[in-house]
Ligand code: LLP
């Protein structure tokens with residue numbers, strides 16, 4: 001029933017995360033509350049670092065995708081566990097640098113980087129910039145020139161692969177806003193252009209085929225398409241790429257029925273296929289970068305809410321109204337993404353109800369989930385929504401001027417705040 005291995009039911013019958021009673025956390029820090037199992041985050045980071053070191057060519061390694069959850073503490077964890085960082089804006093870059101993250105281990109992404117984003121990245125000497133297309137390459141070249149620097153760049157290409165995941169995260173097909181398509185011939189043309197730019201060092205290529213991918217299949221296809229492209233580029237231009245960034249996208253189990261993928265096994269399969277393809281082309285195997293986001297933090301996160309009321313609509317549904325909602329977790333409202341939930345007070349009981357978890361915003365679409373299996377809920381209960389470590393805090397908003405919740409991290413059974421709760425003053429802080 002509790003499908004994340006760090007979740008247990010303690011002697012009092014309460015839900016515990018990493019051995020810590022969630023009702024104690026709710027009492028001490030208030031709700032809504034994001035809880036992050038730091039031990040699990042570090043374990044996941046270590047798993048990617050060691051599997052990539054073991055199964056992929058020298059120089060390979062994971063770059064934590066900060067978009068999943070970015071704050072200074074996460075950046076420090078990534079640094080300590082030996083990961084690089086994929087940052088997607090000057091804001092994420094600023095956070096990482098303020099946390100002491102080494103700029104050389106950062107890759108700046110984004111399909112619409114502003115002049116300021118690029119300027120920051122070059123001035124701060126980030127290790128890599130993933131250029132999204134020809135115009136951007138020219139812009140990076142110009143800014144680097146003006147700053148008297150050189151920019152180390154990956155060119156983002158789209159391999160034309162459909163991993164059949166949900167549309168909002170399906171990014172490898174040709175007709176998307178990201179990157180330059182390989183199948184249309186544009187990727188090759190833009191590569192030729194990049195090689196001619198004075199202030200650009202082309203370090204290799206980047207691609208990302210989507211998220212929530214459960215098996216190695218789509219990644220192996222990605223390796224096939226990308227190695228064929230590398231070989232074609234070398235034949236046409238003589239250029240050999242040192243880096244192949246295959247993006248993020250390893251799935252996580254959001255619900256009991258999902259089988260969590262074997263990440264190390266997927267990485268091994270990618271390594272084997274890369275070796276085979278590189279041998280076939282006589283191509284020196286490039287270092288591989290991966291950008292796991294949710295695979296690092298999603299399962300480590302739980303959000304605690306207090307039930308404000310329970311409402312049964314005759315002939316209709318049972319609504320369980322929570323003190324949070326789309327403001328702290330917009331994933332159901334945006335994508336229909338499903339999360340399981342537990343009444344933390346009686347976590348050992350059977351889930352005999354099917355409920356709609358309703359948020360507090362003045363909007364009927366503000367739901368955390370529908371047809372969610374739950375123990376019988378009562379007003380005042382603490383409800384835990386599971387697998388919320390990724391794309392919850394990072395996508396949170398102040399809709400209806402609701403302050404955003406804090407994040408408490410658990411390490412070795414000890415809790416500490418890593419992001420404080422917003423206050424009403426914070427919410428109005430920018431008003432003039
Ligand atoms: N690299 C690139 C270039 C990406 O675009 C993404 C995700 C990642 C890495 C990390 O993917 P992950 O390993 O986390 O699946 N808000 C949506 C997800 C949007 C993902 C965008 N890009 C959600 O809540 O599911």
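The values are calculated or read from the model by the stated rules, or taken from the named source; none is laboratory data. Everything numeric in this text was worked out from a predicted model, so none of it was measured. Don't worry about glycine lacking a Cβ; one is built from the backbone with ideal geometry, like all the others, and counts go over all protein chains shown.
Selection within the stretch 261-300: residues that are without any contact (Cβ under 8 Å) to a residue 60 or more places away in the chain and assigned to a loop (DSSP other than H, G, I, E, B). The member of this set that is farthest from the ligand (Cβ to nearest atom) is 282. Inspect the stretch 175-185 for any residue being assigned to a loop (DSSP other than H, G, I, E, B), surrounded by 20 or more Cβ atoms within 10 Å (Cβ to Cβ), assigned by TED's automatic domain parsing to the domain that holds residue 125 and out of contact with any strand residue (DSSP E or B) (no Cβ under 8 Å at 6 or more places or on another chain) and give the result as yes or no. For the stretch 175-185, residues assigned to a loop (DSSP other than H, G, I, E, B), surrounded by 20 or more Cβ atoms within 10 Å (Cβ to Cβ), assigned by TED's automatic domain parsing to the domain that holds residue 125 and out of contact with any strand residue (DSSP E or B) (no Cβ under 8 Å at 6 or more places or on another chain): absent.
For the stretch 223-238, the criterion of being within 13 Å of the ligand (Cβ to nearest atom), buried (at least 21 other Cβ atoms within 10 Å of the Cβ) and touching a residue at least 24 places away in the same chain (Cβ under 8 Å) is met by no residue.
With the structure loaded, tell me whether residue 194 is buried (at least 19 other Cβ atoms within 10 Å of the Cβ), away from the ligand (no atom under 16 Å from the Cβ) and closer than 20 Å to residue 112 by Cα or whether it fails that test. Against the criterion (buried (at least 19 other Cβ atoms within 10 Å of the Cβ), away from the ligand (no atom under 16 Å from the Cβ) and closer than 20 Å to residue 112 by Cα), residue 194 qualifies.
Here the condition is being assigned to a loop (DSSP other than H, G, I, E, B), within 16 Å of the ligand (Cβ to nearest atom), in contact with a strand residue (DSSP E or B) (Cβ under 8 Å, 6 or more places away or on another chain) and in the same structural domain as residue 20 (by TED's automatic domain parsing); of 388, 379, it holds for 388 alone. As a summary of the residue check, residue 70 satisfies the conditions (1) within 27 Å of residue 423 (Cβ to Cβ); (2) assigned to a helix (DSSP H, G or I); (3) in contact with a helix residue (DSSP H, G or I) (Cβ under 6 Å, 6 or more places away or on another chain) except for the one numbered (2).
If the condition is being buried (at least 23 other Cβ atoms within 10 Å of the Cβ) and in a loop (DSSP other than H, G, I, E, B), then the stretch 391-411 contributes 391, 392, 405.
Taking residue 271, is it at pLDDT below 95 and on the phi < 0 side of the Ramachandran plot? Talk me through it step by step, then tell me what you get.
On the way: at pLDDT below 95: no; on the phi < 0 side of the Ramachandran plot: yes.
So residue 271 does not fit the description; no.
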